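For reference, the structure is listed below as structure tokens.
The values are calculated or read from the model by the stated rules, or taken from the named source; none is laboratory data. Computed from a prediction, not measured in an experiment: that's the story for all the values here. Don't worry about glycine lacking a Cβ; one is built from the backbone with ideal geometry, like all the others, and counts go over all protein chains shown.
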Amino acid sequence: MEGRKVSIMKRVLLLVALVAGISLICAAGAIGGATYYYTSQRGAGCAGCHEMADTVCTVHVSSHRTVGCFDCHSTGLATKLRHVAVHLSGRLPEVIRLRDVNVVEMTAKCQSCHQREYATWSAGPHSATYAQIFTNAQQNAARRLMDDCFRCHGMHFSGPIGEMVQPLSLEGPWRIVRAGFAAEPTMPCQACHWIHREGLPATKPTAHFSVAGARVGESLAFFDRREQMHFAIAELPLPQIFDGPRPVGISPDQRQALCYACHAPRPPEAGSAAARRNWGVQAGSGDDRTPLGVHEGISCFACHSGHGEDTRASCATCHPAMSDCGQAVEKMDTTYANPASKHNIHWVKCEDCHTRGVPKPLHRRSGL
Amino acid sequence: MAGTASAGAICVAGCSCRSSSRWEFLSDAQAETLAALADQIIPEDDFPSASQAGVIVYIDRQLMGPYRRHRDAYQAGFESADRISREFCGVALAQAPPPIRQEVTSALAEQRSDFFELAREHIMEGYYGSPRHGGNRDAVSWRMLGLEEPPLRGRAKYDLSKGAGS
């Protein structure tokens, strides 16, 4: 009797082991097959889910067409199971886009190909982190933090300001409360680049040489947090700005529209002379840095490099070949030489120093 | 990788029971009918027509969401539009030549004014609304209207330092 029980138990165990073994083999085959199916076709498999089809088609005419979906996007189990759950439930998003955590992850993916651009961006002010921007005591003590800050800093973050930083008062100390974001950039690559934007894969020669004027990168675009979409640089406006009642001459370089999306002037303060006389938005108001004086009319990009905003040696672009007053311009009393100078390099005028009249430039005096 | 694979396997299984239409709710034929109707209401000129600006995408997505309640109205409306078109020229609205489409649209507005008004309202929403909902592709209608989008504005000037009540 005892021996018969053992025999039945052995058979049951054998059956269980057999079923488990077959299941494992089937699972391995399914996993292997599906992995091959989704990764080998550069998006064709992803487009099988019809809500993804438009996005995949867009990528295939973008400047990143040679990059596979999985080179940039997460292949984690949690992500994919979420996609499947959304797909099967039918509760589809109106627009498929990256979540804020995915945008943060993407920066490293961009770096893997764009090493030089990443390095210069990292060294510049536009790589400022959430901690640097939102726990800045000088800023926070003067003005209360608000959701509008996210328009230019952390535009991909989906929550309200209170979910990012606390306390929302003028008294600190302030701390980043959203886990994992403190050391992440507030202006990641996608702030100014539309990765899926239609365009041709870049080649180095066209990136550096152009006979048609300043090259406007096809991916350049501003991510508008309110609309949750990129606006291509050609669609962004260049503002009309005034210096008192006088319209300021602005370079037609369309790339500047990207700068103006954040470094914009604001309407004159109520009660100000500009408001009373209806002069329009004034240069230098808000975060505007439109050049006036000796630099009026030149593009932001004449002095600032694209990714790092670096201005080192930029004076030599024009001085002395195009503009020469006989002085060593880099050593003049401006914020270029000394950030504490009262003469901001964006707005400096000859009259700021030559208060008794501007002398004739040396080359004109000598008749050259 | 394993996650991708397993999710993919489930996804393939899930897709097998769905239609092959590239739309989420509409069939290809219904989408063509809607496009023909929408382009009569907002035709192409210097700027894209309704269908070119993604209005069909907008309505299709809304019929999967907040506008589920209008599904029956659309189904009946498409049938009416194609029926009227066949009475005029023997083919469905999407296959009718442009002058006939205009007559069919006028007839539809008279015979099925409830559907016509509903569709027209949704077409206008899709064309002039926010691109985030699927229509107004690349904010084309806003550019047509000369709207500055996104608006250029400096740092918000609201002084909240004295509290909400100040």
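Overview of results
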| item | result |
| --- | --- |
| Which numbered condition A:Q139 misses (of (1) within 14 Å of another protein chain (Cβ to nearest Cβ); (2) touching a residue at least 24 places away in the same chain (Cβ under 8 Å)) | (2) |
| Residue check for A:G308: under 24 Å from the mean Cα position of the chain (by Cα), away from chain B (no Cβ under 14 Å) and touching a residue at least 60 places away in the same chain (Cβ under 8 Å) | yes |
| Identity of the residue in the stretch A:78-107, among the polar types (S, T, N, Q) and modelled with pLDDT under 85, that ends up surrounded by the most Cβ atoms within 10 Å (Cβ to Cβ) | A:T79 |
| Index of the failed condition, A:A313 passing every other in (1) surrounded by 12 or more Cβ atoms within 10 Å (Cβ to Cβ); (2) within 29 Å of the chain's Cα centre (by Cα) | (1) |
| Qualifying residue in the stretch A:67-85 (condition: touching a His at 6+ places or on another chain (Cβ under 6 Å) and at the interface with chain B (Cβ under 9 Å from one of its Cβ atoms)) | no |
| Residues satisfying the stated conditions in the stretch A:145-165, i.e. farther than 20 Å from A:L258 by Cα and crowded, with 18+ Cβ neighbours inside 10 Å | A:L145, A:I161, A:M164, A:V165 |
| Selection count, the stretch A:112-122, where residues are over 13 Å from the mean Cα position of the chain (by Cα) and not basic (K, R) | 6 |
| Residue match in the stretch A:289-298 (condition: assigned to a loop (DSSP other than H, G, I, E, B), crowded, with 17+ Cβ neighbours inside 10 Å, at pLDDT 90 or above and within 14 Å of another protein chain (Cβ to nearest Cβ)) | yes |
| Boolean, B:R83 is assigned to a helix (DSSP H, G or I), farther than 17 Å from B:I41 by Cα and within 14 Å of chain A (Cβ to nearest Cβ) | no |
| Residue check, A:S63 touching a Leu at 6+ places or on another chain (Cβ under 9 Å), at negative phi and surrounded by 17 or more Cβ atoms within 10 Å (Cβ to Cβ) | yes |
| Subset of the stretch A:266-281 (residues that are more than 12 Å from every other protein chain (Cβ to nearest Cβ), in contact (Cβ under 8 Å) with a residue 12 or more places away in the chain and among the charged types (D, E, K, R)) | A:R277 |
| Criterion violated by A:G154 - all others in (1) in a helix (DSSP H, G or I); (2) touching a Ser or Thr at 6+ places or on another chain (Cβ under 7 Å) satisfied | (1) |
| Residue selected from the stretch B:108-139 under the condition of a type in the set (S, T, N, Q) and over 22 Å from B:Q75 (Cβ atoms), by the criterion surrounded by the fewest Cβ atoms within 10 Å (Cβ to Cβ) | B:S130 |
| The stretch A:89-111 - residue that is without any contact (Cβ under 8 Å) to a residue 12 or more places away in the chain and assigned to a helix (DSSP H, G or I) and, of those, farthest from the chain's Cα centre (by Cα) | A:S89 |
| Residues located in the stretch A:233-265, provided they are polar (S, T, N, Q) and either away from chain B (no Cβ under 11 Å) or under 21 Å from the mean Cα position of the chain (by Cα) (or both) | A:S251, A:Q254, A:Q256 |
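Quick grid of which residues meet (1) farther than 17 Å from A:C192 by Cβ; (2) in the same structural domain as A:M187 (by TED's automatic domain parsing):
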{"site": "A:K80", "(1), (2)": "yes, no"}
{"site": "A:N102", "(1), (2)": "yes, no"}
{"site": "A:D147", "(1), (2)": "yes, yes"}
{"site": "A:R151", "(1), (2)": "no, yes"}
